[in-house]
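Asks: Structure provided below as structure tokens; questions to follow.
The values are calculated or read from the model by the stated rules, or taken from the named source; none is laboratory data. Everything numeric here is computed off the predicted structure, so don't read it as measured data. No Cβ is skipped: glycine too gets one built from the backbone with ideal geometry, and neighbour counts run over all protein chains shown.
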Amino acid sequence: MPLQALRTVAKSQNGVGAFILQCKRIDFHYCDWAGSSRGMNAFLKHQLPAFAAQNPSIEISVSPRPGRHPVIKGQYINGREKAICVRNMEATEVTKKAELLKTASGEKLRRDRKPVKSFNESVRGVWSPFHGRQYKI
Amino acid sequence: MKRVRLDRWASQLQPPRNPRLQVQRCAFSHETTTLPRRRETEQQRQYITQTQWQCQRRTVSSKRKASTATALQEEGNEVEADTPEPSSGAKKPPTGPSPLYAPSHRLAARSAKLAALHARLSLPPKLPLQTLARCLVDPSADPRTDYNNAPFAILGQDLLGYHTTEHLTCHYPRLPMSVLFAAQYAFVGEATLASIRAEWGVEVVAAPGVEVDAGLLQLKRQVPGNSIVEGTGRRVKDMPGVRVLGARLGGGRRNAEWNYRRGVSSRVVFDDEFGDLIGGEPYAGAQLSTSASEDGSAVEADEADGTTSTPPNLPQSPDDTEATTVSDASASFVRAVAGALYLHAGAAATKTFHRDHILSRQLDLHTMFNFTHPTRDLSRLCAREGFEPPVARLISETGRLSRTPVFVVGVYSGDNLLGEAAGASLNEGRVRAAAAALRSWYLYSPSKVEIVLPSDVEGMAAGKGKVWKPQVIDVGEIVT
């Protein structure tokens, strides 16, 4: 055959076309007895319905965890999970933590040393020693 | 003195005890009293659905569904009660209650996972949750075509393939057939669609059934060939007599015979959109071309009935179906979503779906070429197009006598540079330069102003702004 092809899989670019929110499920655990769960209980009563309505793509589950501190757990599309203990927080602070989980991707927290992440090597072309001004010894 | 009739006297103070009255239960309560289960009215069900949070709640009715048997019974009763109602699309069979192998439509409407998936994909409200739930049911979990995603998957595969092909042929008119097959696979092939399913956050069940969440992909998973069979110490694929998935190739086509030379032309005629052999039957119960005697009997049976009756070898329950792989079922699911979107929301919505989820993916076409004789091909191309014969010239070099020389070679047709490349030897540089020249020929793309896709001007999109311009059609591949 004069020409054969090399099969590959096209790589996803989340956000270029459709944007898929990476947080797919959030579990809220509260306690009716513990004092540390007061803020969480207030959040569940007053702010959770609005949060759930604003984020229809997140599956929300509320369940009691008696005798424990309140905790929010987020599950992400890459399979990882993030948990935040919201003990002794006010309802507004709990909201902020829920927003934090919503906006996170499931990746581990790491510091990016490079300013740009891209599939393309460069925009203006990579320098080559064989083109352009030749250095004459 | 008359004896006090306690029941009468008490009844004046208490409300009348009407046994037909249902106990008004608070929607947020968690009490689990053992009341006789009464048929909930439609109104009450709606009220409960609207007021409750989307979380798991154990009410009296769900408590009694603890076992699969009672759940099946109840679903069967519900299906029986629903058959007199006018059902859209006449999905339910006319005779008796049919067993459910996947969650019913009522459960689908209450599934939080399913609703979240619907919102995550930004699907239009025209596509109901119940259809999305049906898209998640693979034929191996439920073989009946009215209950699984097979019809949607066939339609969706055609649509996705159509949009991908028109994009590739209009943007890259000179792409050779083998690379076109590979690019098609890269965009809408099985591996890519399986990856898309994972990126959408759709999980797979361990085993299908009525009690699983309606938002999970349901399929009967194939036992891995490497797993050990119980009792023996051997792997499944080493056991004698086991049928390998994909061994039923061809489906009776000439293409699949042992001595048939499968070239590119035969793939265009016989094979699927990726140039792969079409395995088995296109859909369950399809009439395959077999020997003449069997053909005659099958045709006679159809004509006598007037309608196609189910052939006896068609699986009727999940116990009879063949297990599939997760990759296969994932691809079916994504195709089914496209097909269902077309049926409910129309062609424009499907095209937008294809653009957002398929075309937005990144694919480097220039890395997909694998040349065998690029210098010969380039020479034939120049002869065909009337260019001057290609000549390779050394542009620059370094380190000729060292361990790591670099030769930059350019292929010229007269004074025009067709392609250049660097290599570790003179020959390598010449061959790479010819390959670069061929790539630049094949990857020619007309300017964006000139490109008009057929779907922009056909069907519902006709007369809506875009004017048809004839697209570039290439002479053909290079014959060597």
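Asks: Return the residues of segment A:69-119 that are within 14 Å of chain B (Cβ to nearest Cβ), touching a residue at least 60 places away in the same chain (Cβ under 8 Å) and among the small types (Gly, Ala, Ser); say none if nothing qualifies.
Replies: Hits for segment A:69-119 are A:Ser105, A:Gly106.
Asks: Report, by residue number, each residue of segment B:383-399 that is surrounded by fewer than 17 Cβ atoms within 10 Å (Cβ to Cβ) and modelled with pLDDT of 95 or more.
Replies: Within segment B:383-399, B:Ala383, B:Arg384, B:Glu385, B:Gly386, B:Phe387, B:Glu388, B:Pro389, B:Val391, B:Arg393, B:Leu394 meet the criteria.
Asks: For A:Phe28, state whether it is within 12 Å of chain B (Cβ to nearest Cβ), of a type in the set (Phe, Trp, Tyr), touching a helix residue (DSSP H, G or I) at 6+ places or on another chain (Cβ under 9 Å) and surrounded by 13 or more Cβ atoms within 10 Å (Cβ to Cβ).
Replies: Values: within 12 Å of chain B (Cβ to nearest Cβ): yes; of a type in the set (Phe, Trp, Tyr): yes; touching a helix residue (DSSP H, G or I) at 6+ places or on another chain (Cβ under 9 Å): yes; surrounded by 13 or more Cβ atoms within 10 Å (Cβ to Cβ): yes.
For A:Phe28, the condition - within 12 Å of chain B (Cβ to nearest Cβ), of a type in the set (Phe, Trp, Tyr), touching a helix residue (DSSP H, G or I) at 6+ places or on another chain (Cβ under 9 Å) and surrounded by 13 or more Cβ atoms within 10 Å (Cβ to Cβ) - is met.
Asks: When B:Leu155 is evaluated against the numbered criteria (1) within 14 Å of another protein chain (Cβ to nearest Cβ); (2) assigned to a helix (DSSP H, G or I), which criterion, by number, is the only one it fails?
Replies: With (1) within 14 Å of another protein chain (Cβ to nearest Cβ); (2) assigned to a helix (DSSP H, G or I) applied to B:Leu155, the lone miss is (1).
Asks: Please find, within segment B:118-143, the residue that is surrounded by the most Cβ atoms within 10 Å (Cβ to Cβ) out of those that are among the aliphatic types (A, V, I, L, M) and within 8 Å of chain A (Cβ to nearest Cβ).
Replies: Residue satisfying both the conditions and the ranking: B:Leu121.
Asks: How about segment B:349-445: which strands (runs of 3 or more DSSP E) wholly inside it have at least 2 residues that are touching a strand residue (DSSP E or B) at 6+ places or on another chain (Cβ under 8 Å) and more than 11 Å from chain A (Cβ to nearest Cβ)?
Replies: Answer list for segment B:349-445: B:390-398, B:406-413, B:416-423.
Asks: I'd like to verify a number: residues in segment B:257-270 that are of a type outside the set (A, V, I, L, M, F, W, C) and either within 14 Å of chain A (Cβ to nearest Cβ) or assigned to a helix (DSSP H, G or I) (or both), how many?
Replies: Total satisfying the criteria: 6.
Asks: Going by the conditions given, is B:Ala298 more than 29 Å from A:Lys11 (Cα to Cα), out of contact with any strand residue (DSSP E or B) (no Cβ under 8 Å at 6 or more places or on another chain), surrounded by 16 or more Cβ atoms within 10 Å (Cβ to Cβ) and at pLDDT below 80?
Replies: Values: more than 29 Å from A:Lys11 (Cα to Cα): yes; out of contact with any strand residue (DSSP E or B) (no Cβ under 8 Å at 6 or more places or on another chain): yes; surrounded by 16 or more Cβ atoms within 10 Å (Cβ to Cβ): no; at pLDDT below 80: yes.
So B:Ala298 does not fit the description; no.
Asks: Would segment B:178-191 turn up any residue that is assigned to a loop (DSSP other than H, G, I, E, B), modelled with pLDDT of 90 or more, of a type in the set (A, V, I, L, M) and in contact with a Leu (Cβ under 6 Å, 6 or more places away or on another chain)?
Replies: no
Asks: A further question follows. Among the numbered criteria (1) assigned to a loop (DSSP other than H, G, I, E, B); (2) farther than 30 Å from B:Leu363 by Cβ, which single criterion is violated by A:Gly15?
Replies: (2)
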